[in-house]
Amino acid sequence: MENPPNETEAAKQIQPNGGKKTKGGIITMPFIIANEAFEKVASYGLLPNMIMYLIRDYRFGVAKGTNVLYMWSAASSFTPLLGAFLSDSYLGRFLTISIASLSSFLGMMLLWLTAMLPQVKPSPCDPTAAGSNCGPATASHLALLYSAFALISIGSGGIRPCSLAFGADQLDNKENPKNERVLESFFGWYYASSAVAVLIAFTGIVYIQEHLGWKIGFGVPAVLMLIAALLFVLASPLYVTRGVSKSLFTGLAQVGVAAYKKRKLSLPDHHDSVDCYYHTKDSDLKAPSHKLRFLNKACLISNRDEEIGSDGFALNSWRLCTTDKVEELKALIKVIPLWSTGIMMSINTNQSTFQLLQATSMDRRLSRHGSSFQVPAGSFGMFTIIALATWVVLYDRAVIPLASKIRGRPFRLSVKLRMGLGLFMSFLAMAVSATVESFRRNKAISQGYANSPNAVVDFSAMWLVPQYVLHGLAEALTAIGQTEFFYTEFPKSMSSIAASLFGLGMGVASLLASVVLNAVNELTSRNGKESWVSDNINKGHYNYYYWVLAIMSFINVIYYVICSWSYGPLVDQVRNGRVNGVREEEELLDIVGKGFEKEDLSAVSKAN
């Protein structure tokens, strides 16, 4: 059984020549991972019950409150792209994480103040009392609330994309032959610790809010965020820090402009091309790749005297770019189709509102005979996290070592295969959700609860667990796989952007989930019919809505197979000389679950 890299090995990764380790290594992992974990406990702990806080304390309707949370979720997913840009191009990862941690803490402090100070939110009011006049929240009330949400989103945008890349910086070394395995192990354990943090948020923080009130329920996350920020900053002397490249996005834009300006030029033959392309002296990339060749014209030297100065640098970066910049833009463009396949999975995981309504209407006792403890409806998400963390641990500590021992050679599931399996699991999760909801709805109607949406049906909520488990497996395979895929495929200068792309997909998914929901609601409620997504869960057809998502998910799996085949071999495969034309066909077989023979071939090539 292979253990995680020890501190000596990590030191050699940072300094391949075996010199004395001064910075980086395993010793930095507790501080980096703790910062991310505490941020997740704090921020995710606010989400499950936030709709109840908005309804009860701010008098929001269900629709308005849900829309606000959708926008908050989308903002928290979009801001990582901005954070990654600032980190890679201007601030560096350490400074970005430090500022973001402070922003998250301030946001949670403001949210805590909304619970502590009665004057910053509407006065308590009972709308059912005779003569009561319960007015809505004022603009000033909402300004403080939305400011808290904004600061928390800004904090998430700086921490989430940078922590993963910053941690990888402490261990990553392309010259180490075990580097790929080290990074895979790091990514897995990183996500496992994040999953445990979210699990604590969904259980401990939710419990505190329900039983001790909002004042303590919002205060605890603020304290945790303060501890996370302090731990991270105090360990600053231990970190390996990498330089930034100015205006990364500007450089990418320059490639597009330069390629357009030189669109009429012809590219040179392959054998004579090395001296025709502009590159920096220390660059290992003397000529661009042959994919997306129209962009190669951006680094093509048409007139050396007019385009390159005496110092060897380009006189106009909007007309002549380096080969590195060209490859950075190519890498970003190439991954967009595969990146888009993860959006559907995120749409499926965004259906927590309906799952919450399902759980609320079902028997949530752990045992239907003598047990009085009920699992909180908002805590069922913990089964997703448990499944995710369990898979990561089993895959890293049992599946890989056992399979390698049985085969007598190294074994691992390819990143493409893992992503494809995750998307298929997401499809199964929605199919199971639709099936369970059909049984629940029929049971409710047969028990006379068609007009009683708040009634508890004599049907165990434990039947919801399988769909949560499948969602967890889908995230474990696709989310981790995509992050590893982006990080290894992108140049080092784009690593934070690589880490933020999955989060960006979640932001797009939040918006598209709203579009799909509104479309289904409008189309199915025409001519006075009951909407499939009716407020009355027993009159609506949530099962039909789930089937729509299941069909979309199955189409997405087919779309992924096509995108994976079109992408071709991965960077690591090309670097290690382990692919050829046949390998691409074998990779496609992997995606549809028939390619374990390819793993045998890959393992043999590794062994040799």
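The values are calculated or read from the model by the stated rules, or taken from the named source; none is laboratory data. All values derive from a computational prediction rather than experimental measurement. Cβ atoms come from the backbone with ideal geometry, glycine included; neighbour counts cover every protein chain shown. Note: accessible area is taken over every heavy atom of the protein model, side chains too, but ligands, DNA and RNA are not part of it. Shrake-Rupley method; radii C 1.70, N 1.55, O 1.52, S 1.80 Å.
Distance between the pseudo-spin-label points of residue 113 and residue 291 (7 Å out from Cα toward the beta carbon): 5.0 nm. Once the Cβ-Cβ distance of residue 301 and residue 407 is raised to the sixth power relative to R0 = 56 Å, the FRET efficiency obtained is 0.65. Taking amide H as placed 1.01 Å from N in the peptide plane, residue 308 has its amide H under 5 Å from the amide H of 315, each at least 5 places away in sequence or on another chain. Here's how it looks for residue 277: its modeled amide H is under 5 Å from those of 301, which are all 5 or more places away or on a different chain. Sequence-ordered 3J(HN,Hα) estimates for the stretch 217-233 from the Karplus curve with 6.51, -1.76 and 1.60 and θ = phi - 60° stand at x, 8, x, 4, x, 5, 5, 4, 5, 5, 4, 4, 5, 5, 4, 5, 5 Hz, glycine and proline given as x.
Order these peptides, 327-335, 414-422, 276-284, 152-160, by their mean beta-carbon neighbour count within 10 angstrom, highest first.
Values: 327-335: 19.4, 414-422: 23.6, 276-284: 14.0, 152-160: 27.0.
Packing proxy ranking, top to bottom: 152-160, 414-422, 327-335, 276-284.
Probe radius 1.4 Å, ligands and nucleic acids ignored: give me the carbon and sulfur share of the accessible area of the stretch 202-314 as a rounded percent. Could you put the intermediate results ahead of the total?
Details: 3880 of 6530 Å².
Ligands and nucleic acids excluded, carbon and sulfur give 59 percent.
Simple spin-label estimate for residue 266 and residue 522 gives 5.3 nm between the two label positions (7 Å along the Cα-to-Cβ direction from each Cα).
Here the 3J(HN,Hα) profile of the stretch 402-418, calculated from phi with Karplus coefficients 6.51, -1.76 and 1.60 at θ = phi - 60°, is 5, 5, 5, 5, 5, 7, x, 7, x, 9, 7, 6, 5, 5, 5, 5, 4 Hz, Gly and Pro shown as x.
The 3J(HN,Hα) values that the Karplus relation (6.51, -1.76, 1.60; θ = phi - 60°) gives for the stretch 100-106 are, in residue order, 5, 4, 5, 5, 4, 4, 5 Hz. Gly and Pro appear as x. Amide H to amide H distances under 5 Å link residue 457 with 362, 363, where only residues 5 or more positions off or on other chains count and H is placed in the peptide plane. Modelled spin-label separation between residue 555 and residue 210, with each label point placed 7 Å from Cα along the Cα-to-Cβ direction: 3.8 nm.
Can you give the accessible area per residue of the stretch 246-360, in Å², using a 1.4 Å probe? Don't skip to the answer; put the middle values down first.
On the way: 5880 Å² over 115 residues.
With all protein chains present, the stretch 246-360 gives 51 Å² per residue.
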